[in-house]
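So the structure is just underneath, and the comments pick up after that.
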Amino acid sequence: MSEQTKAFLSFSGGKDSTLALHYILKEKKYKVEFLFVTINKVHQRVNMHGVRKELITRQGMSIGIHTRKLYLPDNVPMEMYNKMMEYEMLLMKQRGIHTAIFGDIFLEDLKEYREKQLQKIGMKGVFPLWKKNTLDLYKEFVQLGYKAKIVSVNLNKLGKEFLGKDLSLELLNEFPEDVDICGENGEYHTFVYDGEIFQYPISFEMDEIVEKSYVHDGQVFPYAFLDLKIKS
């Protein structure tokens, strides 16, 4: 067997990055050295998911791959974000890692942005889920036995009643027609707590629901987040 190429995987704790990791571990072409996670420094949570960093750490421990966290300021300017990311990528290169793996599915501008930033420093991107049908991916994720709970929703697209629900084949019937099944347009985000690549399930309990709005290009995007706490 040929030597595996060192890589890191961009990880959010949600279903897409988890399924991308599932594919990569099955393929055995890459050795994933780190699960790379960006954390809001003020709130100590994953942006747009609202998941506490402690739960992300527990995911990495169960999967058996170290989580490398980059702490970002609240409302970080894009120029600063790019510089901080570039510094992290250069550190990855010093460790012999020249490949970044992402769970993107069909957002062309995001993929182009990632590839452009990586090319600047001589790294390449790998996209295991790229252009796959999102309904098929959702079904595969569930049928593989993964357990994921919806932890945030865009209230312009989904109601708060979706928070706390587990992804299932039955839940497919509840999504509105204008919502991408995998939430690729940011309609919803998840926290994965069990499945094939986990050595043991992550224990947590559901807490309060918090609402917060974001402004982007003059548009307001209202979100609701379900707080998950580590079970004591």
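Tabulated data
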item	result
Evaluation of Val215 against (1) in contact with a helix residue (DSSP H, G or I) (Cβ under 9 Å, 6 or more places away or on another chain); (2) at pLDDT below 95; (3) hydrophobic (A, V, I, L, M, F, W, C) (one fails), failing number	(1)
Given (1) assigned to a helix (DSSP H, G or I); (2) under 16 Å from the mean Cα position of the chain (by Cα); (3) not basic (Lys, Arg), number of the condition Ile150 does not satisfy	(1)
Of residues in the range 16-43 being among the hydroxyl-bearing types (Ser, Thr, Tyr) and in contact (Cβ under 8 Å) with a residue 40 or more places away in the chain, the one farthest from Asp180 (Cα to Cα)	Tyr30
Answer from Tyr81, Tyr87, Tyr71 - the residue that is among the aromatic types (Phe, Trp, Tyr), farther than 25 Å from Pro201 by Cα, out of contact with any Pro (no Cβ under 7 Å at 6 or more places or on another chain) and not in a helix (DSSP H, G or I)	Tyr71
Cross-chain or 6+ apart pairs with Cβ under 7 Å, the range 4-15 first and touching a residue at least 40 places away in the same chain (Cβ under 8 Å) and in a helix (DSSP H, G or I), then open to solvent by less than 30 Å² (accessible area, probe 1.4 Å) and among the polar types (S, T, N, Q)	Lys15/Thr190
Condition check for Ile181: within 30 Å of Tyr81 (Cα to Cα), modelled with pLDDT of 95 or more, part of a loop (DSSP other than H, G, I, E, B) and not basic (Lys, Arg)	yes
Qualifying positions in the range 25-46 - within 25 Å of Pro77 (Cα to Cα), open to solvent by 30 Å² or more (accessible area, probe 1.4 Å) and assigned to a strand (DSSP E or B)	Thr38, Arg45
Filtered residues of the range 80-131 (kept if exposed (fewer than 14 other Cβ atoms within 10 Å of the Cβ), closer than 19 Å to Val37 by Cα, without any contact (Cβ under 8 Å) to a residue 24 or more places away in the chain and not aliphatic (A, V, I, L, M))	Lys83, Tyr87, Gln94, Tyr113
Inter-residue pairs, beta-carbon under 7 Å, first at positive phi and in the range 184-196, second of a type in the set (Gly, Ala, Ser) and assigned to a strand (DSSP E or B), 6+ apart	none
The listed residue being crowded, with 16+ Cβ neighbours inside 10 Å, touching a Leu at 6+ places or on another chain (Cβ under 7 Å), among the basic types (Lys, Arg) and more than 30 Å from Tyr30 (Cα to Cα), out of Lys157, Lys165	Lys165
Residue tally, condition over 19 Å from Met206 (Cα atoms) and of a type in the set (Phe, Trp, Tyr), over the range 141-168	1
Residues of the range 49-79 that turn out to be surrounded by 18 or more Cβ atoms within 10 Å (Cβ to Cβ) and on the phi > 0 side of the Ramachandran plot, as a count	1
Selected residue (criterion: nearest to Thr134 (Cα to Cα)) from residues of the range 178-232 that are open to solvent by less than 60 Å² (accessible area, probe 1.4 Å) and among the small types (Gly, Ala, Ser)	Gly183
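The values are calculated or read from the model by the stated rules, or taken from the named source; none is laboratory data. All values reported here derive from a predicted model rather than from experimental measurement. Note that we place each Cβ from the backbone using ideal geometry, even for glycine, and neighbour counts take in every protein chain shown. Surface areas here come from the heavy atoms of the whole protein model, side chains and all, with no ligands, DNA or RNA. Shrake-Rupley method; radii C 1.70, N 1.55, O 1.52, S 1.80 Å.
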